[in-house]
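The values are calculated or read from the model by the stated rules, or taken from the named source; none is laboratory data. Note that the coordinates shown come from a computational prediction; the quantities given were computed from them, not determined experimentally. Note that each Cβ is placed from the backbone with ideal geometry, even for glycine, and that neighbours are counted across all protein chains shown.
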Amino acid sequence: MEPFDSGLIALAGALRAGEVSPTEAVERSLERVDALSGLGAFLTVTADRARERAAELTAQGPPDDPAAQPLWGVPLADKDLTARAGVRTTYGSRAFADHVPTASDPAALALDRIGAVSVGKTNTPEFGMTGYTENEISDPARNPWDPATGAGGSSGGAAVAVATGQLPASIASDGGGSIRIPAATVGVVGIKPSRGLLPFSNGLDSPGGLSVAGPIARSVADAALLLDALVSSGPHPHATHASRATPPVDRAGRAEYERMPGGAYTYHALRDDIGGMRVGATLVTPWDGWTDTALDPRALAAYERAAAVLQGGGHAVEETPWEPHGYPEMFRTMWRASAATLPLPDDQLDRLSPFTAWMVRQGRALEPAAVIAAYQAAAAFERATIAAFDRYDAVLTPALALAPQAVGWASEGTSPDENFERQCQYSPHTSFVNVSGLPAITVPIIDPDDGGARPWSVQLVGRPGGEAAIIALAAQLERAQGPLPRP
């Protein structure tokens, strides 16, 4: 198998060894992007810019210190919520269909610093406001397992690009499940880091601390390598959080770790000597009682299989006592308040999609006291959730409650309230992780009786700064199943 098809670790190693050039890797990526354009993974493809940067890197050769540019020459992409100077950045909105920024966002600069090549902008819903990837300026991002269904959102384009081999991995963002929902929908791995972990897009400068950047990849180890690269992409501006960036490596594994690509998270994904962790398990969601959060039987079966594998791997798995209260109104207020800040005046809101315009109007009509109360309730929810989960190294939940739904299921023929409720029914286990600032990973689980059908996924939620533990557990689940089916 050629390096491009073997995953991010293999491709990064082949590029450093000179077995593949950045130009060759970028051309292969662009070929697949073009061939699979009907799946809606990209809003903008920057082929000429990508070729120019790849040619420059090829002429320079790999850096002497691989840690300086850990993903040298690797084709990646920017989610189209990330501004890149000189490149059309639409935010998934027809109001910004022709917008070309003059300055790059920190996430785009980080991609450049780690040595990667951006081949374009991946598809996203308008301002990332929904858990599905449909907008008014492009085709929807479609689930490659069944293109009649959606890919989830808001990082649906990135997940499709990774699942179908257009990219070996991708940087995405997650404000309520936007990495984990599409990753689970299309059967790849997604990591939502702890609030404050990364040196950019880390939630500390977003309303309520909800939105953070993170990786999507086809394996746990590949996702861990991209996370290592993002952590190392620049000086951390928040000293109180910087200590989270390097989890401990035990003395016995240090020699092996030093021979591995990447950093400490990659080490924890590749180690096979884990055991004795305490894992909580819960089917409770904070939306219970507000809407129907019933699980598809296949989601429940994946959750039970994952629990059995972890228990068989030497971990103590037990039901987690968790009784969240007051969450729906608090989160809905925070989500509407975040929409209020979108950069359009009231007299231009008709340029937005109906759902986004409704969210903005609702947010701007909120009383300040109600917004302050919601943020205070969110802080209390964070403390209560961390306290409830603190006895565990990780907490296991389903990733999604429902099977992938038809394109338009949430958005067509529904009121804004119904639209939002359907999104919560699809993924009731994700947004509480953002409110709590915790790390989480989604990993596909194979049904051995399904004959290569789309895998269902589970979620592992960690302690604050507990990425190493959930990565190690997710990798153990992955190894126990063997190679995943691909769409």
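I'm checking my understanding of the structure. Among residues of region 68-105 that are in contact with a Pro (Cβ under 8 Å, 6 or more places away or on another chain) and more than 19 Å from Phe42 (Cβ to Cβ), which one is surrounded by the fewest Cβ atoms within 10 Å (Cβ to Cβ)? Across region 68-105, the extreme among qualifying residues is Trp72. Is it the case that region 309-317 has a residue that's within 30 Å of Thr414 (Cβ to Cβ) and surrounded by fewer than 18 Cβ atoms within 10 Å (Cβ to Cβ)? Taking every residue of region 309-317 in turn, none turns out to be within 30 Å of Thr414 (Cβ to Cβ) and surrounded by fewer than 18 Cβ atoms within 10 Å (Cβ to Cβ).
Looking only at residues that are aliphatic (A, V, I, L, M) and in contact with an Asp or Glu (Cβ under 9 Å, 6 or more places away or on another chain) in region 135-161, which one is nearest to Tyr91 (Cα to Cα)? Working first, answer last.
The first filter runs over region 135-161 and keeps only residues aliphatic (A, V, I, L, M), leaving 137, 141, 148, 151, 158-161.
When the remaining residues are screened for being in contact with an Asp or Glu (Cβ under 9 Å, 6 or more places away or on another chain), the result is 137, 141.
Working: Ile137: 10, Ala141: 15 Å.
Going through the qualifying residues, I end up with Ile137.
Figure legend. Inter-residue proximity from region 438-454: first residues closer than 26 Å to Thr385 by Cα and at pLDDT 95 or above, second residues part of a loop (DSSP other than H, G, I, E, B) and aliphatic (A, V, I, L, M), beta-carbon distance below 6 Å, spacing 6+ or different chains. Indicated pairs: Thr442/Ala399; Pro444/Leu484. For Ala357, indicate whether it is assigned to a helix (DSSP H, G or I) and out of contact with any helix residue (DSSP H, G or I) (no Cβ under 9 Å at 6 or more places or on another chain). In short, no.
Only one of the numbered conditions (1) surrounded by 18 or more Cβ atoms within 10 Å (Cβ to Cβ); (2) assigned to a helix (DSSP H, G or I); (3) touching a residue at least 60 places away in the same chain (Cβ under 8 Å) is not met by Arg49, and that is (1). The set of residues in region 293-323 that are within 27 Å of Pro404 (Cα to Cα), of a type in the set (A, V, I, L, M, F, W, C) and in a loop (DSSP other than H, G, I, E, B) comprises Ala294, Leu295. For region 391-404, taking the residues that are touching a strand residue (DSSP E or B) at 6+ places or on another chain (Cβ under 6 Å) and part of a loop (DSSP other than H, G, I, E, B), the one that is surrounded by the most Cβ atoms within 10 Å (Cβ to Cβ) is identified as Ala399.
Apart from one condition, Ala378 fits all of (1) part of a helix (DSSP H, G or I); (2) surrounded by 16 or more Cβ atoms within 10 Å (Cβ to Cβ); (3) in contact with a Lys or Arg (Cβ under 9 Å, 6 or more places away or on another chain); the exception is (3). Taken as a whole, the structure leaves Glu56 outside the set of residues that are touching a Pro at 6+ places or on another chain (Cβ under 8 Å) and surrounded by fewer than 18 Cβ atoms within 10 Å (Cβ to Cβ).
Every residue, every condition in (1) hydroxyl-bearing (Ser, Thr, Tyr); (2) modelled with pLDDT under 95, yes or no:
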{"residue": "Val212", "(1), (2)": "no, no"}
{"residue": "Val220", "(1), (2)": "no, no"}
{"residue": "Leu225", "(1), (2)": "no, no"}
{"residue": "Leu230", "(1), (2)": "no, no"}
{"residue": "Ser233", "(1), (2)": "yes, yes"}
{"residue": "His236", "(1), (2)": "no, yes"}
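The single condition from (1) of a type in the set (A, V, I, L, M); (2) over 24 Å from Thr397 (Cα atoms); (3) at pLDDT 95 or above that Met260 fails is (3). When restricted to residues that are in contact (Cβ under 8 Å) with a residue 60 or more places away in the chain and part of a loop (DSSP other than H, G, I, E, B), region 93-104 contains 1.
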